[in-house]
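Notes follow the structure.
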Amino acid sequence: MKEELLLEVKNLETFIPTPKGQIKPVNDVSFSINKGEIVALVGESGSGKSVTSLSIMGLNASAIQYRPESSIFFNDKDLLKLKEKEMRKIRGNNIAMIFQDPMFSLNPVHPIGRQIAESIVLHKKVKYKDALVTALELLNKVGIPDAKRRLNDYPHQLSGGMRQRVMIAMALACDPKLIIADEPTTALDVTIQAQILNLLHKLQKESGIAILLITHDLGVVAETADRVLVMYCGKIVEEGTVEDIFENPLHPYTRGLMASVPELYGPTKEKLDAIPGVVPNPLELPKGCNFVTRCSYATEKCSQNAPTLLKHPSGNRVSCWYPLEKEGERGHYETAATSFS
Amino acid sequence: MFLKYLARRLLYVIPLLFITTLIVFSFILLIPGDPVLALLGENATPEKVAQLRQQLGLDQPIIMQYFDWLKNALQGDLGRSIFTGQLVEEAVFSRLTVTFQLVVAAMVISVVGGMFFAITSIYYPNSWMDYVARFFGTLGTAIPNFWLAMLLVLFFSLKLGWVPATGFTSINDNPVDFLKGILLPAISLGAMGTAQITRHLRSSLMEVMNADYVRTAYSKGVKRWRAIFNHGLQNAMLPVVTTIGILFGNLLGATVVIETVFAIPGMGQLAVNSILQRDFTMLQGVVLVMIVLVIIINFITDIVYAILDPRIEY
Ligand SMILES: Nc1ncnc2c1ncn2[C@@H]1O[C@H](COP(=O)(O)OP(=O)(O)O)[C@@H](O)[C@H]1O
Ligand SMILES: [Mg+2]
């Protein structure tokens, strides 16, 4: 597949001033998404995934501010510098978003057809009646049975999975180039989760939409994504293709995340403990590597100096002084000493 | 489905009406001061007193009196004023049209004013409009309405002479005079309601505007005013509908004071006079009509709520 750049996040850094000091929910994050690509953004709760995605949409809470060096390029425009009016033309039109809990993300007092049609009339010069026809097609496309009758249903009349399909239909309404799905399956039953992921995958293959798939569950990623970004405490700690990440995770955090997904490491392989400890308080981050408090391979160097994201010979980019070897051993060479970037 | 819901709501009304009227009826008869003595004067002979008492049915136990009254009331007969001999239903009905116009005018002021203040305050946060709305939302409920009424009269009637200080013209007779006459009483009455609705809708809207579905709306590219009017308002109004329903009853009660201040010949004034004269048949009629009104309003509130919120189970 030829790679054509769609979105480029550069040095994204957000901060929230608090009386006790600054919190940086996203701290110098850079990544890109190519056309038609599914990129997974993975990390535990609180690692800054939602703030990253809302930065792209320009919908972060007003408490969250951006460092001036941050930029997010889409169609040669820096979204962070756009006027609100121009940003509105992009939201829902070129970049659409699917949220975590379809229970609360749909307006409870409007029929679903109306909510989908709204997106269309906002961005396209069509009559509301014609937009409803398109809404019906979209409902069929996302697999809502008996869609014609459902058009006038209210969200509470649908199941969770159906509601998330409606959200997806809404996101598709204006043929966006990019869909950001922030934990689209977290609030759903396990069986429904797979259906929703399959649907996203299918739509991506059919229409070539790029998807930024945000999740805290690596199990979700394996089947769906092309590329994986692993995020911890506001920073990207590892990045690679889905094969490289799963076959050869370099960061102890990535490996820990995998260990917490049972089906990835079958009973034959030795089961690793899920990551011990808790995410550090964002106001009291360690001096060196953010993961040092929970890493079983950490050394004195890790607690003193923060590693940077560098390319490893195996293909991934990783931010660790001692990237892991295949069997989960601590690396033989130190990143800085060998300088393999 | 909806009709069935209506029918069920109506069924609730019957026992409610029964119980409330019984309670009110009993209380009215327990008001200190004997209507018979009020009619005959302090010097009446005991025989005369006993005779009139029997004539009015006051020698019966209260519960018997109640059922007698109820039986007649169900046939549309509320009796005659023991003081003037006027038919109670006629007197009450003519007063009701006056009070109804006053209360509706005050409700319009409350709802329109409350929505205006709440919405501008949310749309322009921390602007002077926002501060006015917040200040007013707090102050408006604290000012006694009779005091506000007197201030308004002093300024707009006595000093500026723009509108009459007292009196009432029905909207059917002369709409312009109606507006002039109703303005100050309706504002005095509606200030409290405006403040209540402002405060309640403002906080409700503030919460709703942080809801996930409003964020979804923004993610579709809607403007702020559209997010407020199209997505926020209907949701934010849900709890406020109840406030508005209760407000109607409060305003109805407050007409007692306002009609006295402005010398408006409405139900409130009739109620005050009936109490002063111990005219218990008239008072029973007044209170019955007020209760029925409040129950009807509650009924309408439920229906409006069901229309606004599709999640209501019929
Ligand atoms: N509006 C906000 N106000 C204060 N703190 C916030 C806000 N949004 C996010 N944060 C903080 O930023 C960090 C990252 O949050 P988030 O991006 O939601 O994490 P994730 O989506 O990965 O679970 C968290 O520590 C969270 O407490
Ligand atoms: Mg999140």
Item checked: Some residue of the stretch B:3-16 being modelled with pLDDT of 80 or more, loosely packed, with under 15 Cβ neighbours inside 10 Å and small (Gly, Ala, Ser) -> yes
Next item on the list: Find the residue count for the stretch A:204-223, including only residues that are in contact (Cβ under 8 Å) with a residue 40 or more places away in the chain and either surrounded by fewer than 21 Cβ atoms within 10 Å (Cβ to Cβ) or not assigned by TED's automatic domain parsing to the domain that holds residue A:12 (or both).
Entry: 6
Notebook entry, point to check: So which residues in the stretch A:15-67 are acidic (Asp, Glu) and more than 8 Å from ligand 1 (Cβ to nearest atom)?
Noted result: A:28, A:37
Note to self: Name the single residue that is least open to solvent (accessible area, probe 1.4 Å) among those in the stretch B:200-219 being small (Gly, Ala, Ser) and more than 8 Å from every other protein chain (Cβ to nearest Cβ).
What the structure shows: B:204
Notebook entry, point to check: Within the stretch A:58-109, can you find the residues that are in a loop (DSSP other than H, G, I, E, B), touching a residue at least 40 places away in the same chain (Cβ under 8 Å) and at the interface with chain B (Cβ under 8 Å from one of its Cβ atoms)?
Noted result: A:92, A:93, A:99, A:101, A:106, A:107, A:108, A:109
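What residue, among those in the stretch A:169-191 that are modelled with pLDDT of 90 or more and in a helix (DSSP H, G or I), is farthest from residue A:123 (Cα to Cα)? Step through it out loud before you land on a result.
The first filter runs over the stretch A:169-191 and keeps only residues modelled with pLDDT of 90 or more, leaving A:169-185.
Cutting the leftovers down to in a helix (DSSP H, G or I) gives us A:169-172.
Numbers: A:169: 15, A:170: 13, A:171: 13, A:172: 12 Å.
So, considering only residues that are modelled with pLDDT of 90 or more and in a helix (DSSP H, G or I), the one farthest from residue A:123 (Cα to Cα) is A:169.
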Item checked: So residue A:34, is it within 14 Å of chain B (Cβ to nearest Cβ) and either farther than 22 Å from residue A:13 by Cβ or aliphatic (A, V, I, L, M) (or both) -> no
Notebook entry, point to check: Restricting the first residue to the stretch B:33-49 and requiring it to be assigned to a loop (DSSP other than H, G, I, E, B), which pairs with a second residue that is open to solvent by less than 100 Å² (accessible area, probe 1.4 Å) and not polar (S, T, N, Q) meet a Cβ separation below 6 Å and a spacing of at least six or different chains?
Noted result: B:33/B:278
Note to self: I'm told residue A:249 meets every condition in (1) of a type outside the set (Asp, Glu); (2) open to solvent by less than 10 Å² (accessible area, probe 1.4 Å); (3) touching a strand residue (DSSP E or B) at 6+ places or on another chain (Cβ under 6 Å) except one. Can you identify the failing condition by its number?
What the structure shows: (3)
Next item on the list: Go through (1) away from every other protein chain (no Cβ under 13 Å); (2) touching a strand residue (DSSP E or B) at 6+ places or on another chain (Cβ under 8 Å) and name the single condition residue B:240 misses.
Entry: (2)
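I'd like the full set of residues that are free of Cβ contacts under 8 Å to residues at least 12 places away in the same chain, under 26 Å from residue B:308 (Cβ atoms) and either away from chain B (no Cβ under 12 Å) or open to solvent by 80 Å² or more (accessible area, probe 1.4 Å) (or both), limited to the stretch A:121-146.
Scanning the stretch A:121-146 gives A:128, A:129.
The values are calculated or read from the model by the stated rules, or taken from the named source; none is laboratory data. Since the structure is predicted, the reported quantities are computational estimates derived from the model, not experimental observations. Counting neighbours? That spans all protein chains shown, and the Cβs are built from the backbone with ideal geometry, glycine included. Ligands, DNA and RNA are stripped out before the accessible areas are found, and what is left, the full protein with its side chains, is counted by its heavy atoms. Shrake-Rupley method; radii C 1.70, N 1.55, O 1.52, S 1.80 Å.
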